[in-house]
Amino acid sequence: MKITHRKRRSSWIDVTFSIAIVALTVSAIYLISQTTKNEAASLHEKKQGANPAPVVIDTSDSHYPGIKLITETSNDLYTPFAIQYPQSLHSPFNEAISTYIKNAKQDYLTTMTENRKSDSKIKGELNISFETLPHHSGNYSFVLINSRTTGDANGTTEIRSFHLNPETGENFTIADVFGRDPKHLKIVSTLVRETLYNDPLLVDYLFPKVVDIKTEPLWGNFRNFAITDESLIIYFEENELTAGTMGPPIVAIPLSDVKNLLSDEFQLLVDDTDKNANIIDPSKEENAATPPKETESSTDQDENNSTSTEDGKEEVDNSTKQIALTFDDGPDPKVTMQILETLKKYDAKATFFMLGSRVEYYPEIAKKVQEAGHELGNHTWNHPDLTKAGVEKVQAEINKTSSIIKNVTGEEATVFRPPYGAVNKTVRSQTNLPVVLWDIDTLDWKHRDPNQLLTHVKGSAKDGSIILMHDIHQSTAEGLDSVLAYLQSEGYTFVTVSELQ
């Protein structure tokens with residue numbers, strides 16, 4: 001009996017022990033598996049940190065003599081960036097630009113490294129673009145726009161200006177523009193202050209004490225500026241003069257308001273009839289911009305919208321007036337979205353001529369343009385002057401952009417607009433897309449004034465017009481509503497350029 005009892009007890013213990021061993025084995029295998037996965041994930045992240053995505057650098061000629069366009073891009077998973085900046089034939093200017101770019105990029109990467117210590121999933125974004133604003137004196141203002149996000153709710157935008165005479169290599173300052181006269185400076189400071197307080201979009205958000213300090217008659221307060229043949233533009237720091245997410249305040253003062261204060265070098269043009277001379281040289285027949293109605297996308301408006309009376313005179317039918325709104329150089333995460341909202345308000349369709357480099361950087365914005373039913377246009381990848389590029393470069397700029405527009409939006413680009421309107425037979429032969437230019441240039445890139453947007457449209461709008469604007473300027477987004485309200489009140493129907501009849 002004792003032996004039998006001992007055997008039964010041994011069997012029970014054996015079964016329990018076996019189950020325990022199986023459970024422990026399964027647990028051990030699971031723990032080892034998870035540890036291996038975590039180590040692999042950690043190793044992958046370490047590899048990404050140790051081997052960031054390569055930086056692609058591209059150099060191309062710009063439309064402006066002596067100025068090259070440098071593009072740096074990185075598609076790193078956590079710290080992507082797209083940077084464009086100018087380089088000239090003059091070392092001091094190049095060094096100043098390069099130093100700014102280097103510091104901006106380093107600050108972004110350092111901030112992202114610190115932020116990712118607390119949250120490894122944080123992703124940032126850096127986009128630096130620039131605009132070249134020429135003055136008839138031969139001087140250029142280069143305006144760099146630095147937009148970035150580093151994991152916080154709101155991104156930041158910084159504007160920095162650089163100045164150069166590309167022939168002499170000399171820099172010029174706001175003091176040079178006004179003859180270094182303290183009396184002139186005092187008048188300018190008053191104008192800038194009054195413009196800020198009279199801006200309905202800013203007045204409720206201004207910090208009066210700070211505004212008074214930052215607009216005191218000191219040359220240093222206005223060192224961040226640009227000058228064109230029409231305006232003096234002053235840029236302030238974001239969140240310095242205003243509360244909220246207003247972006248950097250920008251003040252544009254018509255040069256006609258300060259014409260008596262300007263130094264001899266920056267005096268107004270005596271004959272200001274050809275304001276677009278810097279875009280295309282009409283003396284070069286092959287490079288001259290063809291009027292929009294002569295492009296493949298346009299038709300004869302007079303034939304389609306007129307009838308003959310009994311006496312043989314033509315009678316224009318004003319009931320079907322059409323006008324095409326076009327926007328270049330986007331997409332932009334802020335401005336393009338604001339423009340889409342305004343277009344929706346007026347049930348207006350437009351054509352967006354996109355840069356491939358910006359579609360790559362803001363694919364979700366390009367997709368929203370397509371989803372809203374607007375026409376997609378090709379505006380090259382990096383905005384070079386194609387008439388100065390070789391055939392291979394022209395093909396790459398156009399084809400690469402068409403490809404990414406199709407990949408991102410699911411739709412083909414249906415029209416093409418060459419940067420600066422610069423086109424010749426060689427450029428035309430490299431694409432089957434209709435080449436579309438414009439007959440109304442709002443000059444929004446020059447004046448940066450929402451009110452002037454409407455002024456330029458009012459003076460030139462007619463049936464069949466194609467209006468040129470840019471969906472990268474805040475002032476364009478702000479002035480668009482009044483433009484659409486005016487055109488609608490005049491009986492215009494908003495169509496895409498391909499829909500013009």
### Task
Name the residue, out of Thr173, Thr111, Thr157, that is modelled with pLDDT under 90 and not hydrophobic (A, V, I, L, M, F, W, C).
Thr157
### Message
Taking the conditions exactly as written (in a helix (DSSP H, G or I), without any contact (Cβ under 8 Å) to a residue 24 or more places away in the chain and charged (D, E, K, R)), does Lys406 satisfy them or not?
### Response
yes
### Query
Are any residues in the stretch 216-235 in contact with a strand residue (DSSP E or B) (Cβ under 7 Å, 6 or more places away or on another chain) and not in a strand (DSSP E or B), and if so, which ones?
Phe222, Asn224, Thr228, Glu230
### Query
Which fully enclosed helices (runs of 4 or more DSSP H) of the stretch 304-371 have 3 or more residues being over 23 Å from Lys406 (Cα atoms) and modelled with pLDDT of 95 or more?
335-345
### Message
With the structure loaded, tell me whether Val483 is touching a strand residue (DSSP E or B) at 6+ places or on another chain (Cβ under 6 Å) and of a type outside the set (D, E, K, R) or whether it fails that test.
### Response
no
### Query
Is it true that some residue in the stretch 194-204 is modelled with pLDDT under 95, in a strand (DSSP E or B), among the β-branched types (Val, Ile, Thr) and open to solvent by 50 Å² or more (accessible area, probe 1.4 Å)?
no
### Query
Which of the residues spanning the stretch 429-480 are among the polar types (S, T, N, Q), assigned to a helix (DSSP H, G or I) and either more than 20 Å from Lys334 (Cα to Cα) or open to solvent by 30 Å² or more (accessible area, probe 1.4 Å) (or both)?
Asn451, Gln452, Thr455, Gln474
#### Entry: Lone qualifier among Pro134, Pro182, Pro80 - being at pLDDT 95 or above and either open to solvent by less than 50 Å² (accessible area, probe 1.4 Å) or not aliphatic (A, V, I, L, M) (or both)
Pro182
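When you check Val495 against the structure, is it at pLDDT below 95 and open to solvent by less than 30 Å² (accessible area, probe 1.4 Å), yes or no?
No: the conditions fail for Val495.
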### Task
Count, please, the residues in the stretch 216-268 that happen to be of a type in the set (S, T, N, Q) and within 23 Å of Phe142 (Cβ to Cβ).
6
#### Entry: Check on Glu238, buried (at least 16 other Cβ atoms within 10 Å of the Cβ) and assigned to a loop (DSSP other than H, G, I, E, B)
yes
### Query
Can you pull out the residues in the stretch 114-131 that are in contact with a strand residue (DSSP E or B) (Cβ under 6 Å, 6 or more places away or on another chain) and open to solvent by 50 Å² or more (accessible area, probe 1.4 Å)?
Glu125
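Which residues, counting only those in the stretch 148-175, are assigned to a strand (DSSP E or B), open to solvent by less than 40 Å² (accessible area, probe 1.4 Å) and in contact with a Leu (Cβ under 9 Å, 6 or more places away or on another chain)?
Residues satisfying the conditions are Ile159, Ser161, Phe162.
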### Message
Restricting to the stretch 179-234, name every residue that is within 15 Å of Val251 (Cα to Cα), free of Cβ contacts under 8 Å to residues at least 40 places away in the same chain and of a type in the set (A, V, I, L, M).
### Response
Val203, Leu206, Val211
### Residue count, the stretch 417-428 (criterion: free of Cβ contacts under 8 Å to residues at least 60 places away in the same chain and either out of contact with any helix residue (DSSP H, G or I) (no Cβ under 7 Å at 6 or more places or on another chain) or outside any loop (DSSP other than H, G, I, E, B) (or both))
3
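The values are calculated or read from the model by the stated rules, or taken from the named source; none is laboratory data. Worth saying up front: this structure is predicted, and the values here are computed from it rather than measured. Every residue, glycine among them, receives a Cβ derived from its backbone with ideal geometry; neighbour counts consider all protein chains shown. Just so you know, the surface numbers come from the protein's heavy atoms only, side chains and all, with ligands and any DNA or RNA stripped out. Shrake-Rupley method; radii C 1.70, N 1.55, O 1.52, S 1.80 Å.
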